[in-house]
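The values are calculated or read from the model by the stated rules, or taken from the named source; none is laboratory data. A quick note: this is a predicted structure, and the numbers were derived from the prediction, not measured. All Cβ positions, glycine included, derive from the backbone under ideal geometry; neighbour counts span all protein chains shown. For the accessible areas, the whole protein counts, side chains as well, though only heavy atoms, and no ligand, DNA or RNA atoms are used. Shrake-Rupley method; radii C 1.70, N 1.55, O 1.52, S 1.80 Å.
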Amino acid sequence: MAKTTFSATVRWSGEGLYCEGEARGFKVAVDEPEELGGKNKAMNPVELLLCSLGGCMSICAAAFAPACHVELKDFRVELEGDLDPDGFLGKNRDVRKGYQEIRYRIYIESPSPESNIKRLLDLIEERCPVSDTLKGVKVVRVTDVNK
């Protein structure tokens, strides 16, 4: 399969901090909780990031389970991350702006042998694109356009 470029557009609504993102015709809302200046109308970007990671792991599980001879009855990922808003808000230059750590727990219900389940978990960890991206990818501003 050839290298693929994915794209998305996120547009500020003009109201508070509320934004909407779109990719391939699908939309997602983005806001902040009231204590961070938003109206709490949607998940914030860092919560969406956790969902993106969990979603990618879940897709990997469903995609790779047959190759690992794992019958999935149920699969979920619970995630949490530590973030100090003082970095984002500019209150403390020494504080990282993003997550300091993300932790997750995978819950699998399956009658398959433990060795097969372990192989699936290892494959998810090895191949999850979002997890790989979070390990470090260059983010580059290409151009600025003023209309």
Pick out, from 145, 40, 6, the residue whose Cα sits farthest towards the positive end of the charge dipole of the chain, with +1 on the Cβ of Lys and Arg and -1 on the Cβ of Asp and Glu. 145
Which entry in (i) 20.0, 57; (ii) 13.7, 44; (iii) 18.4, 59 is this structure's computed Rg and Dmax of the Cα atoms in Å? (iii)
Segments 129-139, 114-124, 5-15, 79-89 sorted - mean Cβ within 10 Å per residue, highest first: 114-124, 79-89, 129-139, 5-15
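Roughly how many percent of the accessible protein surface of the chain is carbon and sulfur, given a 1.4 Å probe and a whole-percent answer?
For the chain, the apolar C and S fraction of the accessible surface comes to 52 percent.
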Counting only protein heavy atoms and rolling a 1.4 Å probe, one gets per residue an accessible area for the chain in Å² of 77
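Give me the percent relative contact order of the chain, please, defined on Cα pairs under 8 angstrom at least 6 residues apart.
Numbers: 194 pairs, mean separation 23.9, N = 147.
Contact order relative to length: 16 percent.
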